[in-house]
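Have a look at the structure below, then the notes.
The values are calculated or read from the model by the stated rules, or taken from the named source; none is laboratory data. Note that the coordinates shown come from a computational prediction; the quantities given were computed from them, not determined experimentally. Cβ placement follows ideal geometry from the backbone for every residue including glycine, while neighbour counts extend to all protein chains displayed. These area figures cover heavy atoms from the full protein model, side chains too; ligands, DNA and RNA do not enter into them. Shrake-Rupley method; radii C 1.70, N 1.55, O 1.52, S 1.80 Å.
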Amino acid sequence: MAEPIGHGGDDGRGVTWAELAVETGERLAVSSDPVVSARADWQGRLLAMRAAGAEPDDWHELSKEFATVRGVASLDAMTARRLAGEPLQYVLGEWGFRYLELFVDKRVLIPRPETEIVASAALDEVVRLEPRGAGVVAVDLGTGSGAIGLSLAYELDGVEVWLTDVSTEALQVARANLAGIGRAGGRVRVAEGSWFEALPAELVGTLGLIVSNPPYVADGDRLPDEVADWEPVRALFGGPAGTDHLELLIAEAPRWLRADGALVLEMSPDQTDPMADEARRLFHEVEIRPDLTERARAVVARHPR
């Protein structure tokens, strides 16, 4: 075990993790980047917790302990990355999504609260078919970190889930997260390929749920630097209007769904009305779901024609 550091206090003792959390927050607070300096004390605490190997439940006690040389070096390295503009989630290497702690890095999009709403809508559709998902086959197309599909498998003990992505690197992250959900992972399969091309032909007409958070940013739209400079471009942009992938998924989904199945898609608020109209040509029931800010965020289409 590394020895406690030998500086930081007037009495010659080491510095505690709580003191380091405050110091880290102060360093972030003076950044010229408003994204980095926002909620600096909270960020400083998260970074210190990560360097200390602490969980939220034991931070209160562990924060009183003296930091180790190795821990301080780790915290310094993470703080430098954050000051350089790297997203906090990538610096920490993990981020919470519903009941899961997901490994994330620059190979995948950062899981966001908007997508938790999409996952909730997907869970609702599986439960509509079967309360615990028994016998239901669900597909998370373009899974990225695996956030939506793994939440389905973790929270419903009967559903069978497929995770697909065209990115080999993204699937490496998804597989790492799959390993972290324990026995529920035995009901999850991973396949590489572009949208429905990743799936075996025998699944045609059998799926109870198709869910996706596809690229839906319009090609000419400007993104915040923290997104544009760090997150994978391929997972963000969806053509001139941002709807290329959404339109493809709506058009092809009915062939793959069973008669009572559903399609759940995340998109930007301004896309929900035109995409809902597209879906109404091919599905008997179409609903728009809001996110936590009450902005339209997802289209749910049930019962393909």
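Some observations on this one:
- Every residue from the range 100-121 that is surrounded by fewer than 21 Cβ atoms within 10 Å (Cβ to Cβ) and of a type in the set (S, T, Y): S120
- Single residue of the range 252-305 satisfying the filter (of a type in the set (S, T, N, Q) and in contact (Cβ under 8 Å) with a residue 24 or more places away in the chain) that is surrounded by the fewest Cβ atoms within 10 Å (Cβ to Cβ): S268
- Residues (open to solvent by less than 30 Å² (accessible area, probe 1.4 Å), outside any helix (DSSP H, G or I) and either farther than 14 Å from V15 by Cβ or not aliphatic (A, V, I, L, M) (or both)) located in the range 45-73: A54, S63
- Qualifying residue in the range 76-97 (condition: in contact (Cβ under 8 Å) with a residue 12 or more places away in the chain, in contact with a strand residue (DSSP E or B) (Cβ under 6 Å, 6 or more places away or on another chain) and of a type in the set (V, I, T)): no
- Subset tally (residues that are under 17 Å from A259 (Cα atoms) and out of contact with any Phe, Trp or Tyr (no Cβ under 6 Å at 6 or more places or on another chain)) for the range 135-149: 4
- From the list D165, D140, D124, D76, the lone residue that is farther than 29 Å from A48 by Cα, open to solvent by 60 Å² or more (accessible area, probe 1.4 Å) and either of a type in the set (S, T, Y) or modelled with pLDDT of 95 or more (or both) is D124.
- Note on the range 226-245: residues that are among the charged types (D, E, K, R) and part of a helix (DSSP H, G or I) amount to 3.
- Hits in the range 252-305 (condition: outside any strand (DSSP E or B) and among the acidic types (D, E)): E252, D270, D273, D277, E278, D291, E294
- In the range 79-97, residue farthest from V30 (Cα to Cα) [restricted to those that are open to solvent by 20 Å² or more (accessible area, probe 1.4 Å) and part of a helix (DSSP H, G or I)]: Q89
Here is a yes/no grid of residues against (1) part of a helix (DSSP H, G or I); (2) open to solvent by 10 Å² or more (accessible area, probe 1.4 Å); (3) within 25 Å of E101 (Cβ to Cβ); (4) touching a strand residue (DSSP E or B) at 6+ places or on another chain (Cβ under 6 Å):
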position	(1), (2), (3), (4)
V161	no, no, yes, yes
L178	yes, yes, yes, yes
G185	yes, yes, yes, no
A191	no, yes, yes, yes
E202	yes, yes, no, no
G208	no, no, no, yes
R222	no, yes, no, no
E247	yes, yes, no, no
I250	yes, no, no, no
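- In the range 98-116, residue nearest to H245 (Cα to Cα) [restricted to those that are assigned to a helix (DSSP H, G or I) and modelled with pLDDT of 95 or more]: T115
- Cross-chain or 6+ apart pairs with Cβ under 7 Å, the range 208-235 first and free of Cβ contacts under 8 Å to residues at least 12 places away in the same chain and within 30 Å of S32 (Cβ to Cβ), then open to solvent by 10 Å² or more (accessible area, probe 1.4 Å) and assigned to a loop (DSSP other than H, G, I, E, B): none
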